[in-house]
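Some notes on the structure that comes next.
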Amino acid sequence: MNTSTILLVIVAVLVVWAISIFNRLVTLRNRKNEALSDIDVQSKRRYDLIPNLVETVKGYAKQESSVLEGVTKARTAAMGMTGSPLDKAATENQFSSAIKSMFAVAEAYPDLKSNTNFLQLQGELSDTENKMMAARRFYNSTVQDLNTGIQSFPGNLVAGMGGFAQEKFFEAGSEAEKQPVQVKF
């Protein structure tokens, strides 16, 4: 083999290597986008379910209208939120806090707790919240994989040339939102 053939083989190997890294980063970026879309899908489900739950609770707990108005306002704010995942996270966390308040109201009304419609809606909302948490975990996992690929060698060389940027994780906002819910009887 002559020198030009060896050089051509080395260049070909480097090109194939760079293409494979680039394609891996594209795959990770697409998974991140899919995960973010999953969060939006679960948010939509949550937004559709909340009005039914609010109306059921209203029928039983009219004097607690400020809590219900807070849930409605938080839902409206969360639905209208645009921007980065971090901006959405803050609004979604406020919405989650409002939902917790509504469940606390429900605990104060035994008739409401035993109402079939409320129990069904509460179960659906709990399922939605679980799916929302799973979607957020999936998003954070894909962001971690993407960021690792972008930061580690040799991916960082290809990422820089390919225009890949690190992404931010979906996080809980305040310290209060990180605390467990307390139900008192």
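One line per residue, one yes/no per condition, for (1) crowded, with 20+ Cβ neighbours inside 10 Å; (2) assigned to a helix (DSSP H, G or I); (3) at pLDDT below 85:
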site: 131; (1), (2), (3): no, yes, no
site: 136; (1), (2), (3): yes, yes, no
site: 142; (1), (2), (3): yes, yes, no
site: 153; (1), (2), (3): no, no, no
site: 159; (1), (2), (3): yes, yes, no
site: 168; (1), (2), (3): no, no, no
site: 176; (1), (2), (3): no, yes, yes
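How about the stretch 20-43: which of its residues are touching a residue at least 24 places away in the same chain (Cβ under 8 Å) and among the acidic types (Asp, Glu)? Within the stretch 20-43, 34, 38 meet the criteria. Inside the stretch 83-95, residues that are among the hydroxyl-bearing types (Ser, Thr, Tyr) and at pLDDT 75 or above make up a count of 1. Here residue 15 passes the criteria (1) surrounded by 12 or more Cβ atoms within 10 Å (Cβ to Cβ); (2) modelled with pLDDT of 75 or more; (3) closer than 30 Å to residue 144 by Cα; (4) more than 17 Å from the chain's Cα centre (by Cα) except the one numbered (1). Taking the conditions exactly as written (of a type in the set (Asp, Glu) and either modelled with pLDDT of 85 or more or not in a helix (DSSP H, G or I) (or both)), does residue 127 satisfy them or not? When the stated conditions are applied, residue 127 does not pass them.
Considering (1) at pLDDT below 85; (2) assigned to a helix (DSSP H, G or I); (3) surrounded by 19 or more Cβ atoms within 10 Å (Cβ to Cβ); (4) hydrophobic (A, V, I, L, M, F, W, C), the lone condition that residue 146 does not fulfil carries the number (1).
The values are calculated or read from the model by the stated rules, or taken from the named source; none is laboratory data. Bear in mind the structure is a predicted one, so any value in this text is a computation, not a measurement. As a convention, Cβ positions derive from the backbone with ideal geometry for all residues, glycine included, and neighbour counts pool all protein chains shown.
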